Amino acid sequence: MGHSHGYRSGTRYAFSRDFKKHGVIPLTTYLKTYKVGDIVDIKANGAVQKGMPHKFYHGKTGIVYNVTKSSVGVIIYKVVGNRYLEKRINVRIEHIKHSKCREEFVKRVKENAARKQEAKEKGEKVFLKRQPALPRDAHVVATEGNAPVTLAPLAYETYI
Amino acid sequence: MPFTKLIKTPAYFSRYQTPYRRRREGKTDYYARKRLITQHKAKYNSPKYRLVVRFTNKDIVAQIVSSQVTGDIVLAAAYAHELPRYGIKHGLTNWSAAYAVGLLVARRTLQKLGLDETYEGVVEADGEFSLTEAVEDGPRPFKAYLDVGLHRTTTGARIFGVLKGASDGGIYIPHNEKRYPGYDIESKELDADTLSKYILGGHVAEYMETLADDDEEKYRQVFKGYIEDNIEADAIADIYTDAHAAIREDPSPQPTEKKSKEEYAAESKKYRQTKLTMEERLAKRAAKIASLVGTGAAAEEEEEEEEDEE
């Protein structure tokens, strides 16, 4: 007897509801709107069996290309062999949420636009690019209550 | 005692999932709410309105509500306690009052949206079943769905009074005639006369006459308000027709007078619990001890006297 490969095989935990979060789904899931081009995360909700994504797409992020009555069409790129294939899946609203990866970018764009405006009015030069964490500056470390400890290896001793 | 097993252990409580607050309070049916709120995703942000009807012991609440993520927003509301303004002073939770409240909330929303000229609805309440139809080359009617909450939908229920009033007021509420009073299950027909009788308080008038003939005392007890205002059974229909006309004339809401912030603060300060100071608490303690010692001494004296007497 081998390992069976049913549609939902291996999803015992992935599709199960969280502890003490069974039953009615919070209604904000139904109140959110999705437009074509939105970036969405796919997370299957075991409480709603219709319009569920296949287990492969659980945890994937894609772009909405179609909106219908209670579902959205999402484009996902799947690695098959040595290439990416564009996959189009139809998923119900309950298994989708807006991805926050986009949120940070959109916020930064708005902020940069505002800073640029401001700097233009004042006539200053503005630095808009993000900088990675730079090496720390030179500084003095006090030894008040902070005496340096010398570390040395201990000679090996056999314990039985 | 029969053998009992302790069920509510700490383990039980740590695993227990409490239902949503409004379910615990028994006020919201989430199965129905989900279906009433969800909008067609391809309709994006256009709001979905529902006509919320709730009955309390002495009042009727009718609201046109739409749902957003931050909370529900009420577009317009009407209460039965507003009906005295239009001439209905008694029987504020009966079928006819429900019709009037539905009519009031409908005219109010249409006035607010500027649709009241285009959609007059049914001006003379005749008890026929009709749905508000779209006007040619003009805006489509305002659509709302009936939200009964947890109320049982039996034939002749007052919620459908509100539904009929709002529908006759000009709002499009998809429904059918099955639950109106006057609907016969066997012949599957609506008797328009019975329905118009209910709209104009005919059922109340009939009961008034029957009681006046049969049981004078009960009549005086039940219809005390009507007797005081000298309202006869045959005058009731006119009260309601006049009220409907008055509602159509001026449905605009009149906000009630609210007290100022200072007045409210002063009111709540009356009920605030002030803590005693240390001195006051010690004084209270000393007084209590003194009174106990006093009675103890008196009791001791009494006992001594009794002993002496014996």
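When the trypsin sites (Lys or Arg not before Pro) in segment B:110-178 are filtered for DSSP coil states and for at most 16 other beta-carbon atoms within 10 Å of their beta-carbon, the remaining sites are B:Arg152. Measuring nothing but how far apart in sequence close Cα pairs (under 8 Å, 6+ apart) lie, relative to its length, segment A:1-156 scores a relative contact order of 17 percent.
Dipole magnitude for segment A:9-50: computed about the Cα centre from +1 point charges on Lys and Arg Cβ and -1 point charges on Asp and Glu Cβ, it is near 140 debye. For segment B:188-302, compute the number of Lys pairs whose alpha carbons are separated by less than 28 Å, excluding pairs fewer than 8 positions apart on the same chain. Summing the qualifying lysine pairs gives 15. Projecting the Cα atoms of B:Gly71, B:Ala125, B:Ile88 onto the charge dipole of chain B, computed from C-beta unit charges around the Cα centre, puts B:Gly71 farthest toward the positive end. Among A:Gln117, A:Gln49, A:Gln131, the largest mean-square fluctuation in a Gaussian network model of chain A, built with springs joining Cα atoms closer than 10 Å, belongs to A:Gln131. With respect to chain A, whose longest principal axis is taken over its alpha-carbon atoms, helix A:101-122 is tilted by about 60°.
The helix-based estimate of mean residue ellipticity at 222 nm for chain B, built from -39,500 (n - 2.57) per DSSP H run of four or more residues and divided by its residue count, is -13500 deg cm²/dmol to the nearest 500. In a solvent-free Debye calculation with one equal scatterer on each Cα, what is log10 I(q)/I(0) for segment B:155-279 at q = 0.14, 0.18 Å⁻¹, listed in the order of the q values? Taken in order of the listed q values, log10 I(q)/I(0) reads -0.84, -1.08.
Given the pairs A:Lys60/A:Lys100; B:Lys89/B:Lys143; A:Lys97/B:Lys27, which span a C-alpha to C-alpha distance of over 25 angstrom in this model? Beyond 25 Å between Cα atoms: B:Lys89/B:Lys143; A:Lys97/B:Lys27. The charge dipole of chain A, taken about its Cα centre with unit charges on the Cβ atoms of Lys, Arg (+1), Asp and Glu (-1) only, comes to about 1100 debye.
Qualifying GluC sites (Glu not before Pro) in segment A:74-160, where qualification requires a DSSP coil assignment and no more than 11 other C-beta atoms within 10 Å, comprise A:Glu124, A:Glu144, A:Glu157. Using a cutoff of 8 angstrom between alpha carbon atoms and counting only pairs six or more residues apart, the relative contact order for segment B:124-220 works out to 31 percent.
Along segment B:234-244 the Karplus relation, 6.51 cos²θ - 1.76 cosθ + 1.60 evaluated at θ = phi - 60°, assigns HN-Hα couplings of 7, 7, 4, 4, 5, 3, 6, 5, 4, 4, 4 Hz to successive residues, with x for each Gly and Pro. Computed from backbone phi, the HN-Hα couplings of segment B:262-267 come to 5, 5, 4, 5, 4, 4 Hz, rounded to whole numbers (Karplus: 6.51 cos²θ - 1.76 cosθ + 1.60, θ = phi - 60°; Gly and Pro given as x). The charge dipole of segment B:115-250, taken about its Cα centre with unit charges on the Cβ atoms of Lys, Arg (+1), Asp and Glu (-1) only, comes to about 940 debye.
Dividing the mean sequence gap of close Cα pairs (under 8 Å, 6+ apart) by how many residues chain B holds gives a relative contact order of 15 percent. Which residue, A:His95, B:Phe223, B:Val61, has the largest displacement toward the positive end of the dipole of the protein assembly as shown when charges sit on each Cβ (Lys, Arg +1; Asp, Glu -1)? Positive-end residue among those listed: A:His95. Measuring between their Cα centroids, segment B:181-213 and segment A:94-160 lie 77 Å from each other.
Read the figures in this text as sums done on the coordinates, not as results from a lab. Predicted model only: the values in this text are computed from it and were never measured. All Cβ positions, even for glycine, are placed from backbone atoms using ideal geometry, and neighbour counts span all protein chains on display.
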